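The values are calculated or read from the model by the stated rules, or taken from the named source; none is laboratory data. This is a predicted model, so every value here is computed, not measured. Every residue, glycine among them, receives a Cβ derived from its backbone with ideal geometry; neighbour counts consider all protein chains shown.
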């Protein structure tokens with residue numbers, strides 16, 4: 001059979017089958033005239049708050065620079081300084097609980113300490129985690145704080161409608177919050193099958209299965225991609241169990257109908 005060309009409509013339908021979360025018509029409008037944080041609209045106040053945050057971020061970057069210079073670093077030497085940075089972010093959040101960026105950065109620091117599998121009991125220490133051994137309560141508390149921060153950041157910054165404009169800063173922070181939560185969910189999905197969750201009982205994730213964590217990770221990666229994170233966008237399909245199956249079916253269908261296809 002001679003090769004056939006696909007119409008744009010065919011391509012869109014096939015892409016939708018491969019990625020059920022995709023919607024090419026749904027875009028996010030960035031408007032630099034809007035406040036950088038929708039909940040701190042006073043520019044002078046925002047500058048003071050963000051400056052405090054930048055000072056903490058600089059401290060964490062300095063710690064990372066030191067770690068990178070040492071071939072075999074004693075990571076335990078950096079745990080307390082990292083925890084001090086988390087405490088400083090906590091103080092900033094206590095003063096300005098609706099400042100989403102600080103919550104996003106505190107979650108990132110917690111991930112650096114405990115790793116993305118902190119929701120799983122008896123999970124092995126991940127290479128990027130500074131804390132190798134931690135009590136179950138310490139990990140549970142860390143997971144609760146990280147997930148709570150990301151949930152709140154997403155709630156604070158999510159636009160009221162799909163087409164509502166956002167400031168570039170808010171858009172970037174929202175994409176990072178979704179992507180971070182997706183990373184935690186994705187890592188959890190890989191370890192939860194052989195262990196158990198140590199999420200607080202009142203949280204929705206407490207009774208999730210490995211598949212539910214995987215699906216939630218894919219949804220969050222897709223949202224992170226929609227708000228501008230290209231890495232999250234590419235991970236959305238590869239981590240979506242339904243999309244992976246659909247993708248295989250689509251490729252097989254196209255192979256039979258049109259000949260060999262490029263994935």
All but one of (1) at pLDDT 95 or above; (2) touching a helix residue (DSSP H, G or I) at 6+ places or on another chain (Cβ under 8 Å); (3) in a loop (DSSP other than H, G, I, E, B) hold for residue 22, so report the exception by its number. (1)
Within the group 164, 94, 129, 134, which residue is assigned to a loop (DSSP other than H, G, I, E, B) and farther than 21 Å from residue 220 by Cβ? 134
Every residue from region 67-78 that is surrounded by 13 or more Cβ atoms within 10 Å (Cβ to Cβ) and at pLDDT 80 or above: 67, 77, 78
Which ones in region 36-85 are part of a loop (DSSP other than H, G, I, E, B), in contact with a helix residue (DSSP H, G or I) (Cβ under 8 Å, 6 or more places away or on another chain) and over 30 Å from residue 226 (Cβ atoms)? 73
Restricting region 91-102 to residues that are loosely packed, with under 15 Cβ neighbours inside 10 Å and under 13 Å from residue 149 (Cα atoms), the residue that is farthest from the chain's Cα centre (by Cα): 94
Residue 33 fails exactly one of (1) modelled with pLDDT of 50 or more; (2) in a helix (DSSP H, G or I); (3) over 14 Å from residue 102 (Cβ atoms); (4) over 21 Å from the mean Cα position of the chain (by Cα), namely (2)
Could you say whether any residue in region 133-150 is out of contact with any strand residue (DSSP E or B) (no Cβ under 8 Å at 6 or more places or on another chain), more than 21 Å from residue 90 (Cα to Cα) and modelled with pLDDT of 90 or more? no
